[in-house]
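The values are calculated or read from the model by the stated rules, or taken from the named source; none is laboratory data. Since we're looking at a predicted model, the values are computed, not measured. Please note: Cβ atoms are built from the backbone with ideal geometry, for glycine as well, and neighbour counts cover all protein chains shown. Protein only, heavy atoms only, side chains kept; ligands, DNA and RNA dropped before computing areas. Shrake-Rupley method; radii C 1.70, N 1.55, O 1.52, S 1.80 Å.
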Amino acid sequence: GLFAFGTQNITVGTSFTRNGAGTYSGTGTFIYAGGAATFLHSSVAGAGVMTINNLQFNSATVFQNNVGLVVVNTLTLNGVVLTNQQGGNSGSLLTVGDATTVPTINVVGVGEVAANPLLFGNANADFNFTGATNPAALSVNVWPSAPSTVARNVTLNRAAGIVLLGASRIISNNLTLTAGTLTWDNPVDVSLPNAGQLITRNFGGPLNNDSS
C-alpha cells in the first residue's frame, strides 16, 4: 500500500520496505534515517519504480533493489553518502526531476553520491550547498558535467566552501555566494555564459580559482 502525508514530513528511523506499485503523494518530505542496507524501495518485481516528491537521507544509504527511484522535487543529502548502485540494471539509478519539474538538490555538510552519478529528468537543476565546517570535495556524481548546463541556480552557504572535482561546470542562471569559498583548479572551469546572469556575493562568499 501507499501513504499520503500531505504537507507533513515523515521520518523512518528503521528499515523501509515497499512492496506495492504506485506513487507517493504529498508535498511533505520523506526522511530516511534507517540502516545503510535497509532502504528497500522496490523489494518485489511488481512494485516497479518508486516516485516521490521530496526525499531526504539522514543516514548513509546503499540502494538494494534493481528498480529505479524518482525524486520529483527535492533531494536532500543531509551530511551522508548515498550509494547509487544499479546492480546491473541501468534503470535502477536515482533520477531527480521530470520533464516539467526543475528539481532542487540540497547538499548539507559532507553529503555526496557514490558509485554512479545522479540522473536528471529535467534539463536543469538548482543546487544548494550548506552546513558543515569541514570542506567537501564535490564530485560530478552530485553536480554533473554532462549535460554541462544542468546547474540553473547555485547557492553556496557552507563555512568552509566546496572544491569542484572531475570536470568543468556551467551555471545557466545565477550564482549566490553567502558563506565559504567556491574553489576550482585546472583543468576544471566554471562558466556563466548567458546574458543577464548574476553573481551575488554576500559577506564571506568568495571565489578561488586557478582556472577560468
For strands (runs of 3 or more DSSP E) lying entirely in segment 97-185, having 1 or more residues that are crowded, with 18+ Cβ neighbours inside 10 Å and among the acidic types (Asp, Glu) picks out 112-114, 125-131
All-but-one check, residue 205 against (1) at pLDDT below 90; (2) assigned to a loop (DSSP other than H, G, I, E, B); (3) open to solvent by 10 Å² or more (accessible area, probe 1.4 Å), failing number (3)
Across (1) within 21 Å of residue 139 (Cβ to Cβ); (2) modelled with pLDDT of 95 or more, residue 85 clears everything bar (2)
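Among the listed residues 128, 141, 116, identify the single one that is closer than 18 Å to residue 101 by Cα, touching a residue at least 24 places away in the same chain (Cβ under 8 Å) and within 15 Å of the chain's Cα centre (by Cα).
On the way: 141 fails: closer than 18 Å to residue 101 by Cα; 116 fails: closer than 18 Å to residue 101 by Cα.
Every option except 128 fails the conditions.
Kindly provide the set of residues from segment 41-58 that are surrounded by 18 or more Cβ atoms within 10 Å (Cβ to Cβ) and either under 17 Å from the mean Cα position of the chain (by Cα) or not polar (S, T, N, Q) (or both), ordered by number.
At the first step, the residues of segment 41-58 found to be surrounded by 18 or more Cβ atoms within 10 Å (Cβ to Cβ) are 41-42, 47, 50, 52-58.
Of everything in segment 41-58, those that are surrounded by 18 or more Cβ atoms within 10 Å (Cβ to Cβ) and either under 17 Å from the mean Cα position of the chain (by Cα) or not polar (S, T, N, Q) (or both) turn out to be 41, 47, 50, 52, 53, 54, 55, 56, 57, 58.
Out of curiosity, is residue 31 at pLDDT 90 or above, open to solvent by less than 60 Å² (accessible area, probe 1.4 Å) and farther than 30 Å from residue 179 by Cβ?
Numbers: at pLDDT 90 or above: yes; open to solvent by less than 60 Å² (accessible area, probe 1.4 Å): yes; farther than 30 Å from residue 179 by Cβ: no.
Criteria not met by residue 31.
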